[in-house]
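J.: There's a structure below that I have some questions on.
FYI, it's all coordinate maths here, none of it is from the lab. Just so it is clear, the structure is predicted and the values come from calculations on it, not from any experiment. Neighbour counts are summed over all protein chains in view; Cβ atoms, including those assigned to glycine, are modelled from backbone coordinates with ideal geometry.
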Amino acid sequence: MTTQNEHYDKNRESRIPKFANREEEAAFWDNHDISDYWDELKPVKLKVAKNLSKGITIRFDEETLGELRRQAHRRGIGPTTLARMWILERLRGTSSPHPKQSE
């Protein structure tokens, strides 16, 4: 039995166009069936992040939470992701414990 891949000439130009941006690509795939292009697709290696198994709850006042959400939105990520990134940056950037406060 032959597969579609065996029929595709790898030297032939792709039927999938080059896209200028994600919107253009999305519009193309909205109007085309990917199964018509299986013979041109290649497997990719995917690295999946470790499962974040423990969680904490952090409470913010409405203004602070709003600012966190705005900053996250500007970066195209969720507020939880942004908070996690900031916490990890701070923890990794600290090489020694904070000095003890005087009593």
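J.: Which ³J(HN,Hα) values in Hz, rounded to whole numbers, follow from the phi angles of the range 47-59 under the Karplus curve 6.51 cos²θ - 1.76 cosθ + 1.60, where θ = phi - 60° and Gly and Pro get x?
T.: Running phi through 6.51 cos²θ - 1.76 cosθ + 1.60 with θ = phi - 60° gives 9, 9, 5, 4, 5, 7, 8, 10, x, 9, 10, 10, 9 Hz.
J.: For the range 48-97, go through all pairs of different Cα atoms, get the mean of 1/r, take its inverse, and jot down that Kirkwood value in Å.
T.: 12.5 Å
J.: Calculate, for residue 26 and residue 88, the FRET efficiency according to 1/(1 + (r/R0)^6) with r their C-beta to C-beta distance and R0 35 Å; round to the nearest 0.05.
T.: Details: r = 31 Å, r/R0 = 0.90.
E between residue 26 and residue 88, to the nearest 0.05, is 0.65.
J.: Ranked highest first by average number of other Cβ atoms within 10 Å, how do 75-83, 60-68 line up?
T.: The densest-packed peptide leads the list: 75-83, 60-68.
J.: Say each of residue 16 and residue 40 gets a label point 7 Å from the Cα, pointing the same way as Cα to Cβ; how far apart are those two points in nm?
T.: Label at residue 16, label at residue 40, 0.8 nm between them.
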